[in-house]
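Below is one structure, written out as structure tokens; the observations come after it.
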Amino acid sequence: MFVFVDALSIINVDSNVLMQKCKNLDNLSPAVRLKKYLLCDYDSTVHPNYPKTTNVTLTLIPKHIDFEEHNATLVVHSSITLTWNDPHLTWTPSDYSEITYIQIYNWHIWTPDLIMTSFADILSDEHVLPLTRLVTNSGEIVFVSKVKFISKCNDDFTYWPYDKHECSITFISWMHIGEEVNLLIYKDGISMSRYMDDTTWDFKFINSTRVAKKYKCCPDDKFPMVTYNFLLTRHYGKHHSFIIIPAIALMLLILTVFCLDLNSIERMTVASLNFICHLLCMYVLQWTMPYNGANSPNIMLFYRDSLTLATFAILLTALIRKLKSMNTEIPNWILFTTTFVLSNNVGRFLIFNDKSKITDTITERSSDVPKSEMSMKEPSWKHFAVIIDWLFFFCMTITYVIILIVLVPVG
């Protein structure tokens, strides 16, 4: 019984102390008197404008980013500013030594409960929400917090290293419907003035949108949400040195193979080295490029197709060499084709100006007969081999043009 009475007296004492804190304010400093005046009987569990709507304005201030390519996760280190009006937190500055603003701990007053959607997370630098709010004498509350946003992006590495990724950050009130707490954005709702450029990615703000969405659980209620859309574009400068320029060099090297003498050792050497270089480049790309799901990046498709052409160049060189050394009688259709090519100016220009390829096809029987005329009258397997060689040179060129048109990104 004694214990019970003693406990009751303690409660009464504490209650008296609390009442004194709210009412007996004469002997306190102006700042303390103001704070106790504002927080006396304040209920932080009810939004301040109840039953009317509390408008909360959101502003995002990105500072720097980190983009994790292996899981397409965007980490935005930024500050976030929320402003709203609380009619319970107003005062006359002249009554409190002209104090026009005061800082109050967040657990003492009502605070908007914002979350992020779409596979994202919010982490503050202190791992808790900001500790203080700035309250002005008009009841306007402003707080700025350093926060790290983790968001999932729509990753697509098809055009790597010219890839672009669309990312978004969506805010929504977790506990309140739109009739209670209404999220708003002022102008674009973002400030990029403090953003520090990233060395790998160009981070650009696209737009911000506000929508009021309904859910199956609450068909009669609307939940406003604010979405910020961003575009990540890779800085591809360094990739030109070890990815793009080698690809162009290997493409030109394949075409050079068809311009060399069929019987020369240099032709087969260049073709073999070109094949090996393709394999090395593809091996480097395997460890450099990020995964792209079921779709292969276009640069890998280019090396795949170019490797196929490099292999074909080696096989074709061996085949044409064998064809050139044949001594059997030429079939009529080959004779007709060769004669047709040699009978026009373009064919004669390509074949008889390529002295390295047909030097051994011309034998001097008479000094009075031009070599081109004599050779044109005697089509052989050697002429046909040169025609095939030039034909595939043009086919290779056209093939590469088609590959580049299909795989190179527009713009």
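Compute the signed sum of charges (Lys and Arg +1, Asp and Glu -1) over the other residues within less than 11 Å, Cβ to Cβ, of Thr256.
Computed value for this residue: 0.
Would you mind pulling out the separation of the Cα centroids of the range 310-325 and the range 193-235, in Å?
Using only Cα atoms, the two centres lie 58 Å from each other.
Just to be sure I understand: if I project the alpha-carbon convex hull of the range 230-291 onto a plane and average over all orientations, what area do I get in nm²?
Directional mean of the projected Cα hull area for the range 230-291 stands at 5.4 nm².
On a 32 Å Cα-Cα criterion, which of the cross-link pairs Lys187/Lys222; Lys63/Lys216; Lys148/Lys187; Lys52/Lys146; Lys152/Lys222; Lys36/Lys213 come out too long?
Beyond 32 Å between Cα atoms: Lys63/Lys216; Lys36/Lys213.
Which loop trypsin sites (Lys or Arg not before Pro) in the range 224-275, with loop taken from DSSP, have no more than 13 other Cβ atoms within 10 angstrom of their Cβ? Numbers along the way, then the final one.
Values: sites: Arg234, Lys238, Arg267; in loops: Lys238.
Counting only loop positions with at most 13 other Cβ atoms within 10 Å, the trypsin sites (Lys or Arg not before Pro) in the range 224-275 are Lys238.
List residues of the range 159-188, by number, whose backbone nitrogen lies under 13 Å from a label position 7 Å along Cα→C-beta of Val75.
Those under the cut-off are none; the list is empty.
How much length is gained on full extension from Thr256 to Asp41, taking 0.36 nm per residue of separation minus their Cα-Cα distance?
68.7 nm
Name all residues of the range 299-315 having a backbone nitrogen under 19 Å from the label point set 7 Å from the Cα of Ile248 along its Cα→Cβ direction, giving them as ranges.
It comes to 299-304, 306-307, nothing else.
State the extension gain, in nm to one decimal, for the chain segment bounded by Val144 and Thr233, taking 0.36 nm per residue of separation less the distance between their alpha-carbons. Please report the intermediate quantities before stating the final value.
Numbers: separation 89, 0.36 × 89 = 32.04 nm, distance 2.87 nm.
Gain in length upon complete extension: 29.2 nm.
As an exercise, use a Förster radius of 25 Å and the Cβ-Cβ distance of Asn106 and Asp188 to find the FRET efficiency, rounded to the nearest 0.05.
The calculated FRET efficiency here is 0.40.
Can you work out the FRET efficiency for the pair Ile265 and Ile388, with r the C-beta to C-beta distance and R0 = 22 Å, to the nearest 0.05?
Given R0 = 22 Å and the Cβ-Cβ separation, E is 0.60.
Quick check: pseudo-label points 7 Å beyond the Cα along Cα→Cβ at Lys222 and Leu280, how many nm apart are they?
Reported label-point gap for Lys222 and Leu280 is 6.4 nm.
Multiply the residue gap between Leu273 and Trp174 by 0.36 nm, knock off their C-alpha separation, and tell me the result in nm, one decimal place. Let's see the in-between values first.
Values: separation 99, 0.36 × 99 = 35.64 nm, distance 6.26 nm.
Computed gain between Leu273 and Trp174 is 29.4 nm.
Could you order Asp155, Asp221 so the one with the most accessible surface comes first? Probe is 1.4 Å. Write down the numbers at each step before the final one.
On the way: Asp155 70, Asp221 45 Å².
Listed by decreasing accessible area, they come as Asp155, Asp221.
Could you calculate the FRET efficiency of Ser241 with Val408 from 1/(1 + (r/R0)^6), where r is the beta carbon distance between them and R0 is 22 Å, rounded to 0.05?
That gives a FRET efficiency of 0.75.
Given points 7 Å out from each Cα along the Cα-Cβ axis, report the Val32 to Thr136 separation in nanometres with one decimal.
2.9
The values are calculated or read from the model by the stated rules, or taken from the named source; none is laboratory data. Keep in mind the model is a prediction, meaning the values are calculated, not measured. Virtual Cβ from ideal backbone geometry, glycine too; neighbours counted across all protein chains shown. Only protein heavy atoms, including side chains, enter the accessible area calculation; ligands, DNA and RNA are left aside. Shrake-Rupley method; radii C 1.70, N 1.55, O 1.52, S 1.80 Å.
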